[in-house]
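J.: Quick one: structure below, then a few questions.
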Amino acid sequence: MPEIKASDEIRVTPTGSKGHPKGLYVLFATEMWERFNYYGMRAILVLFMTKALLFTDAFASNLYGSYTGLVYLTPLIGGYIADRYWGSKRSIIVGGLLMAIGEFLLFFCGSLYETSSSTSTFLFFSGLGFMIAGNGFFKPNISSLVGQLYPKGDRRIDGAYTIFYMGINVGGALGPFICGIVGDTGNPADFKWAFLAAGIGMLISVIVQKLYQDKYIVSPEGKALGEPSATASKNWRNPILMILGLLVFAGIAIGVLYIDATKFSFLSYLLLAAVLFIAFVLFTDKSLQKEEKNRITVIFIVAFFVIFFWSAFEQAGASLTFFADRQTQRDLGWFTVPASLFQSLNSIFVIAFAPLFAWLWLKMGKREPAAPTKMALGLFLLCIGYLWIAFGVKDVAPEAKVSMIWLTGMYALHTWGELCLSPIGLSLVNKLAPLKFASLLMAVWFLANAAANKLAGVLSALYPDNGKTTSFLGYQMNNMYDFFMLFVFMAGIASIILFLLSSKLQKMMHGVR
């Protein structure tokens, strides 16, 4: 889960500061219910596509990759509009409402797929499009409000982001659990209840934010946060124009998703073009010093390596869900564990192990590894996770089911890898980016995540189910062992290269750790 996880600034607490402002807990609840919505829906998405809509595994996987890739791309647009025209407060509400509409469209899709396939397909792509557009306005703005609740130089900000991050993971754990229980029952007709539950969760998020934001989402001086820019024209906030603009944006998201999934897969080229354009803008800027360009180069390099991490990690919502559903022994005798529930494990493990990792880095003191080394370690742990599950399926017949311990152990190792890579990488971007290009370089980070999610779908499409043989760059996969070893090789080689580059990257960072 590539989220904002901790502040990287060192702050000094002003005298008399106690506890946290109530606004933090409003944002906690808002984010928790939004993550409940997103991860609950994502947990059953490929199962709904293959069991109800009867899409092939390959098509469902590629569509999943396009959807999650666009989820990371649209915040660049939503964040820009919020900063210059609408303000964070308004953007969070409209984004949340768009996502709720998206879930309800998916609910109607799940209700009609048996009687009207054309209508249900239209509703399906429309629902995902609304989700993509809404996330673009919601996601980048709520995280930015957390730090604004505190006075400059306040050390409580670290604890605030930790609390906020717990909200992310509480929602990430509850969403797949609840949506899996009500929707992943073995009867495809019940998937609609998962979408309904996710939509209700999103409405709760919007209601909490709307009821309490004016009273509690305020600066230390009591001034309302998230208001529109003072220089923005009021025409941008005209309700009719806003609704029309949002519908157009959602329509574009629907069109891009549909064309990429069914006509021509162009999203990868779009992402590559965006990165090359940003690189051109940055490296041709004559105002930047050599030291600053070195640091920017480091950001591009580590962003490249995180693509390998997230493309393997995000198999959780695609190929690993297929594996949980078809080749994992989930029958406990008194209860059959829904395949979607395994997606709660990552958030549960984050809550359990994040304090341990935070303690470990502090305990190491001067021996604490530099950020590139930590990220290489994260890739190595991801590699070990796939090696673990590869041995779990080695020499197992295709129709046989293996113990849940293999998936559970893999998710634990992947979470440890995430804790070494995700918050560290995000913090590193904040530290290395020149102030004038901070937003643009954060865009590079999110573009890398978008590219990784798109690649995750492409790789999931290679899932060798039912004796099917697939290949990737000449590597043939005849069974699940071969498939999981692909990620072992991919993450392992990336980890080794990043380890070897670490000392060079540290020099290019010019004192930043």
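The values are calculated or read from the model by the stated rules, or taken from the named source; none is laboratory data. Worth saying up front: this structure is predicted, and the values here are computed from it rather than measured. Here the Cβ is made from the backbone with ideal geometry for all residues, glycine too, and neighbour counts use every protein chain on show.
J.: Give the residues of the range 288-301 that are assigned to a helix (DSSP H, G or I) and either touching a Phe, Trp or Tyr at 6+ places or on another chain (Cβ under 9 Å) or among the small types (Gly, Ala, Ser) (or both), sorted by residue number. Walk me through how you get there before you give the answer.
T.: Kept after step one, since they are assigned to a helix (DSSP H, G or I), are these residues of the range 288-301: 290-301.
If the condition is that a residue be assigned to a helix (DSSP H, G or I) and either touching a Phe, Trp or Tyr at 6+ places or on another chain (Cβ under 9 Å) or among the small types (Gly, Ala, Ser) (or both), then Glu292, Lys293, Ile296, Thr297, Ile299 are the ones that fit.
J.: Being small (Gly, Ala, Ser), under 21 Å from Gly251 (Cβ atoms) and surrounded by 20 or more Cβ atoms within 10 Å (Cβ to Cβ) narrows it down to one residue among Gly129, Gly171; which is it?
T.: Exactly one of Gly129, Gly171 is small (Gly, Ala, Ser), under 21 Å from Gly251 (Cβ atoms) and surrounded by 20 or more Cβ atoms within 10 Å (Cβ to Cβ), namely Gly129.
J.: Using the structure shown, decide if Ser111 is at pLDDT 90 or above, small (Gly, Ala, Ser) and surrounded by fewer than 24 Cβ atoms within 10 Å (Cβ to Cβ). Steps first, answer last, please.
T.: Values: at pLDDT 90 or above: yes; small (Gly, Ala, Ser): yes; surrounded by fewer than 24 Cβ atoms within 10 Å (Cβ to Cβ): yes.
Answer is yes for this residue.
J.: Filter the range 207-240 for residues that are polar (S, T, N, Q) and part of a loop (DSSP other than H, G, I, E, B); which is modelled with the highest pLDDT?
T.: Result: Ser219.
J.: Starting from the range 384-395, take each residue that is on the phi < 0 side of the Ramachandran plot and list its partners that are among the small types (Gly, Ala, Ser) and not in a loop (DSSP other than H, G, I, E, B), counting only C-beta distances under 8 angstrom and pairs at least six apart or across chains.
T.: Gly385/Gly409; Gly385/Ala412; Gly385/Gly417; Tyr386/Ala312; Tyr386/Ala491; Trp388/Gly409; Ile389/Gly409
J.: Scanning the range 462-484 for residues that are aliphatic (A, V, I, L, M) and surrounded by fewer than 21 Cβ atoms within 10 Å (Cβ to Cβ), which turns out farthest from Lys401 (Cα to Cα)? So that I can check it myself, show each step before the final result.
T.: Going through the range 462-484, the residues aliphatic (A, V, I, L, M) turn out to be 462, 473, 477, 480.
Those still in the list that are surrounded by fewer than 21 Cβ atoms within 10 Å (Cβ to Cβ) too: 462, 473, 477.
Numbers: Leu462: 20, Leu473: 29, Met477: 19 Å.
Restricting to residues being aliphatic (A, V, I, L, M) and surrounded by fewer than 21 Cβ atoms within 10 Å (Cβ to Cβ), the top hit is Leu473.
J.: Being surrounded by fewer than 24 Cβ atoms within 10 Å (Cβ to Cβ) and within 19 Å of Gly127 (Cα to Cα) is true for just one of Ile77, Ile93. Which residue is that?
T.: None of the others qualify; the one that does is Ile93.
J.: Right, next: With the condition kept exactly as written, say whether any residue in the range 8-28 is polar (S, T, N, Q) and modelled with pLDDT of 90 or more.
T.: No, the range 8-28 has no match at all.
J.: What residue, among those in the range 362-381 that are among the charged types (D, E, K, R) and assigned to a helix (DSSP H, G or I), is surrounded by the fewest Cβ atoms within 10 Å (Cβ to Cβ)?
T.: Checked the range 362-381; the qualifying residue surrounded by the fewest Cβ atoms within 10 Å (Cβ to Cβ) is Lys366.
J.: If you don't mind, there's one more thing I want to ask. Could you grab me the full set of residues in the range 182-206 that are modelled with pLDDT under 95 and out of contact with any helix residue (DSSP H, G or I) (no Cβ under 7 Å at 6 or more places or on another chain)?
T.: Thr185, Gly186, Asn187, Ala189
J.: Report whether or not Ser268 is surrounded by 15 or more Cβ atoms within 10 Å (Cβ to Cβ), closer than 30 Å to Ile307 by Cα and among the hydroxyl-bearing types (Ser, Thr, Tyr).
T.: So Ser268 passes the test.
J.: Further question: For the range 183-192, what are the residues that are surrounded by fewer than 20 Cβ atoms within 10 Å (Cβ to Cβ) and either β-branched (Val, Ile, Thr) or under 16 Å from Gly102 (Cα atoms) (or both)?
T.: Passing the criteria: only Thr185.
J.: When you look at Phe483, is it touching a residue at least 24 places away in the same chain (Cβ under 8 Å), over 17 Å from the mean Cα position of the chain (by Cα) and under 23 Å from Asn62 (Cβ atoms), yes or no?
T.: For Phe483, the condition - touching a residue at least 24 places away in the same chain (Cβ under 8 Å), over 17 Å from the mean Cα position of the chain (by Cα) and under 23 Å from Asn62 (Cβ atoms) - is met.
J.: Do any residues in the range 176-195 that are closer than 12 Å to Lys51 by Cβ have Cβ atoms under 6 Å from those of residues that are charged (D, E, K, R), where the two are at least six apart or on different chains, and which pairs are they?
T.: Note: pairs meeting the criteria are Gly183/Asp190; Pro188/Lys51.
J.: Please work out which one of (1) buried (at least 23 other Cβ atoms within 10 Å of the Cβ); (2) within 26 Å of Ile424 (Cα to Cα) is the condition Thr162 fails and give its number.
T.: Here Thr162 clears every test but (1).
J.: Residues to consider are Ala43, Ala52, Ala60; find the one that is touching a residue at least 24 places away in the same chain (Cβ under 8 Å), buried (at least 21 other Cβ atoms within 10 Å of the Cβ), over 20 Å from the mean Cα position of the chain (by Cα) and under 29 Å from Ile259 (Cβ atoms).
T.: Numbers: Ala43 fails: over 20 Å from the mean Cα position of the chain (by Cα); Ala60 fails: over 20 Å from the mean Cα position of the chain (by Cα).
Step by step, each of Ala43, Ala52, Ala60 is checked, and only Ala52 is touching a residue at least 24 places away in the same chain (Cβ under 8 Å), buried (at least 21 other Cβ atoms within 10 Å of the Cβ), over 20 Å from the mean Cα position of the chain (by Cα) and under 29 Å from Ile259 (Cβ atoms).
J.: Right, something else. Checking the condition assigned to a loop (DSSP other than H, G, I, E, B) and surrounded by fewer than 20 Cβ atoms within 10 Å (Cβ to Cβ), which residue from Ala412, Ala438, Ala400 passes?
T.: Of the residues listed, the single one that is assigned to a loop (DSSP other than H, G, I, E, B) and surrounded by fewer than 20 Cβ atoms within 10 Å (Cβ to Cβ) is Ala400.
J.: Now for a different question. Looking at (1) in contact with a Pro (Cβ under 7 Å, 6 or more places away or on another chain); (2) within 21 Å of Val275 (Cβ to Cβ), which is the only condition Thr470 fails?
T.: Result: Thr470 passes all but (2).
For every residue, the table says whether it meets (1) assigned to a helix (DSSP H, G or I); (2) touching a residue at least 24 places away in the same chain (Cβ under 8 Å); (3) assigned by TED's automatic domain parsing to the domain that holds Asp57.
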| position | (1), (2), (3) |
| --- | --- |
| Met242 | yes, yes, yes |
| Gly245 | yes, no, yes |
| Gly251 | yes, yes, yes |
| Val256 | yes, yes, yes |
| Asp260 | yes, yes, yes |
| Leu272 | yes, yes, no |
| Leu276 | yes, no, no |
| Val281 | yes, yes, no |
| Lys286 | no, no, no |
